[in-house]
Amino acid sequence: MENKNIIVLGGDGQLGSAFRFADFGYTVNRDSVSIVNYNDVFERLPEFKPDIIINCAAMTDVDYCEEHREEAEAVNYHGVRNLVNLCKENDIKLVHISTDYVFDNKHDMPISETLLFNPINWYGHTKAKAEEYIISNLSNYLIIRTSWLYGHSRVVNGIAEPARNMVNFFINSACDKAVVDQISRLTNVKTVVDITKKLLEMEETGIFNVADGGSTTPFEVAEYISSNHFQVSNWVEPILSRSLHRKAARPKYSVLSTAKLVNHGIIVKSWMDNLKGYLNEYTAASRV
Ligand SMILES: NC(=O)c1ccc[n+]([C@@H]2O[C@H](COP(=O)([O-])OP(=O)(O)OC[C@H]3O[C@@H](n4cnc5c(N)ncnc54)[C@H](OP(=O)(O)O)[C@@H]3O)[C@@H](O)[C@H]2O)c1
């Protein structure tokens, strides 16, 4: 690992920014390498001489993807195809970040890496197609499936701004309503960075679910934030997801099982412990 040249794509996003803050790999933003641009992928990217490419680049706004299908497919599927073809030709390991939204509404128990996916929204469809292409064309890959990511910031047009995620939304909007009928695993971006690093050190390949411990709902997250953070109100009203009239459907239950990680000796902290640490960092930063 020490001698490996690691390039992180999508370096301005919330997860890409976490790789940069952790000083793990060399992060490259969309202006330097757009994964949908042939010259960027097949001419500029090889100039970095990567041994490992970590792909955090994606179109992640689930409702936007539902209404802009070609755009979403271009980035989340065709962009990944480009990377797979580059990696195949040049013996580069591909680490690709995927999502719990590749699953449907049929689950009520933690979902293992071996279960077949069946997405119910276009974002999930594009991510599932990318997974299929990776699996059928590469052997030296890691697909990291994660869920409900949150981190401090991302970079837009060269300027750092708060990352778009439910935690920052609940902190900043003094939220009084949150969805109660969606269950998944809230995950701090640092968990994904740390575990990716461990899996690479162990020279693992294949699919791994990576998420913080325990399942939750947006309502529980909002309540936790309201009772542990001084800036927000103390009362949150539970609402049903259908009352939000969102463009894209979300799975009601998409809890990723982390048993495979545990079998590899990797322990995940609970979402509450990690969120508590995040809120402390947030409070400390707002006092500066
Ligand atoms: N956020 C979640 O809750 C969540 C949950 C599960 C899995 N994931 C997965 O985790 C990964 C990272 O997500 P994130 O939360 O960090 O999302 P994010 O903040 O939206 O970051 C994605 C980054 O990719 C960039 N990008 C878009 N099109 C690109 C292109 N053609 N070439 C290069 N870069 C491009 C975006 O740039 P612009 O902003 O300029 O478009 C953005 O900086 C994604 O694969 C996502 O599917 C996320």
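None of the figures in this text is laboratory data; all of them are computed from the coordinates on show. Fair warning: this is a prediction, and the values are worked out from it, not measured in the lab. We place every Cβ from the backbone using ideal geometry, glycine too, and count neighbours over all the protein chains shown.
Observations
- Taking the chain and dividing mean pair separation by its residue count, relative contact order in percent (alpha carbons under 8 Å, at least six apart): 19 percent
- Three-way shape label, region 240-288, alpha-carbon gyration tensor, a/c 1.5: oblate
- Label point distance in nm, Lys252-Asn39, each placed 7 Å from Cα along Cα→Cβ: 5.1 nm
- Measuring nothing but how far apart in sequence close Cα pairs (under 8 Å, 6+ apart) lie, relative to its length, region 44-112 scores a relative contact order of 43 percent.
- Karplus-derived 3J(HN,Hα), 6.51/-1.76/1.60, for each residue of region 156-169, Hz, glycine and proline x: 10, 6, x, 10, 6, 9, x, 5, 7, 7, 5, 5, 5, 5
- For the chain, the longest principal axis of the alpha carbon atoms and the long axis of helix 189-201 meet at an angle near 30°.
- Arg145 long-range amide H proximity, modeled H, under 5 Å: Ser98, Phe208, Asn209, Val210
- Within a straight-line Cα-Cα reach of under 13 Å, Lys88 can be paired with the following aspartates and glutamates, leaving aside sequence neighbours fewer than 8 residues apart in one chain: Asp51.
- Cα-based shape type of region 207-272, given that a ≥ b ≥ c are square roots of the gyration tensor eigenvalues and the cut on a/c is 1.5: oblate
- Over the chain, the hull volume per residue, using the convex hull of the C-alpha atoms, is 127 Å³.
- Karplus (6.51, -1.76, 1.60) ³J(HN,Hα), θ = phi - 60°, over region 78-83, in Hz, Gly and Pro reported as x: 5, x, 5, 4, 4, 5
- Remark: spin-label model distance Tyr64-Asn5 equals 3.2 nm, labels positioned 7 Å along the Cα→Cβ axis.
- With Cα atoms, 0 to 90° folded angle of helix 122-137 axis to the chain main axis: 30 degrees
- Take every Cα pair under 8 Å whose residues are at least 6 apart in sequence, average their separation, divide by the length of region 158-288, and the relative contact order is 36 percent.
- Shape call, region 1-78: gyration tensor on alpha carbons, a/c limit 1.5: oblate
- Between amide H atoms placed 1.01 Å from N, distances below 5 Å from Thr27 occur with Val8, all of them 5 or more places distant or on a separate chain.
- Most to least packed among 274-280, 261-267 [average Cβ atoms within 10 Å]: 274-280, 261-267
- 0 to 90° range, to nearest 10: angle between helix 218-228 axis and the chain longest Cα axis: 70 degrees
- Extension reserve of the Asp51-Thr114 stretch, reckoned as 0.36 nm per residue once the Cα distance is removed: 20.0 nm
- With 32 Å as the limit on Cα-Cα distance, the pairs of Lys49/Lys106; Lys127/Lys276; Lys197/Lys276; Lys93/Lys260 that go past it are Lys49/Lys106.
- Protection-proxy order for peptides 101-114, 179-192, 237-250, each taking the mean of Cβ atoms within 10 Å per residue, highest first: 179-192, 101-114, 237-250
- Cα-Cα separations in region 154-288 greater than 20 Å, expressed as whole percent: 54 percent
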